[in-house]
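Let me begin by presenting the structure, written as structure tokens, before commenting on it.
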């Protein structure tokens, strides 16, 4: 089935990334479906918007390290807060009649590379009992390297 609409990325807490093509009509309804309820947004890149669950659902959600690492690298700082639950990253708002844009390919490539880096780090940490500040530095270093060179195998 071909859907005429923008392509967004959904990043799950395990760092898996799924491309989501959304029809032009009903974009915000689709965001709520993808995230399981009301949404909130964060802007960390001028050509991307992170949409997350808003409200009480967030208290039970797991930390989305891949979405957090991308936001940190795009902002060039370590965020003082975590990003929880699944995240849908869209392109920026366009004019009111068009809704949300799809992600530009270079931005999507950076997100995939960042998620790949997080997955590699998590694999190395599998037997370690606690995440430390050193682990977070490792994630950011590897994610930055991945964002600069692209996802493995690309």
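Worth a mention:
- Test: residue 41 is at pLDDT below 95 and over 20 Å from residue 6 (Cα atoms): no
- Residue, farthest from residue 109 (Cα to Cα), within region 46-70, restricted to residues that are in a loop (DSSP other than H, G, I, E, B) and at pLDDT 85 or above: 62
- Test: residue in region 18-25 that is touching a helix residue (DSSP H, G or I) at 6+ places or on another chain (Cβ under 8 Å), within 14 Å of residue 90 (Cα to Cα), surrounded by 16 or more Cβ atoms within 10 Å (Cβ to Cβ) and at pLDDT 90 or above: yes
- Among residues of region 6-25, those that are assigned to a loop (DSSP other than H, G, I, E, B) and either over 13 Å from residue 101 (Cα atoms) or under 11 Å from the mean Cα position of the chain (by Cα) (or both), counted: 5
- Residue in region 28-45 that is nearest to the chain's Cα centre (by Cα), counting only those that are more than 15 Å from residue 111 (Cβ to Cβ) and part of a strand (DSSP E or B): 41
- Options 112, 124: the member that is surrounded by fewer than 18 Cβ atoms within 10 Å (Cβ to Cβ) and modelled with pLDDT of 75 or more: 124
- Options 78, 89: the member that is surrounded by fewer than 17 Cβ atoms within 10 Å (Cβ to Cβ), at pLDDT 90 or above, touching a helix residue (DSSP H, G or I) at 6+ places or on another chain (Cβ under 8 Å) and within 20 Å of residue 122 (Cβ to Cβ): 78
- Residue within region 135-145 that is within 18 Å of residue 20 (Cβ to Cβ), at pLDDT below 90, out of contact with any helix residue (DSSP H, G or I) (no Cβ under 6 Å at 6 or more places or on another chain) and surrounded by 11 or more Cβ atoms within 10 Å (Cβ to Cβ) present: no
The values are calculated or read from the model by the stated rules, or taken from the named source; none is laboratory data. Everything numeric in this text was worked out from a predicted model, so none of it was measured. Backbone-built Cβ (ideal geometry, glycine too); neighbour counts: all protein chains shown.
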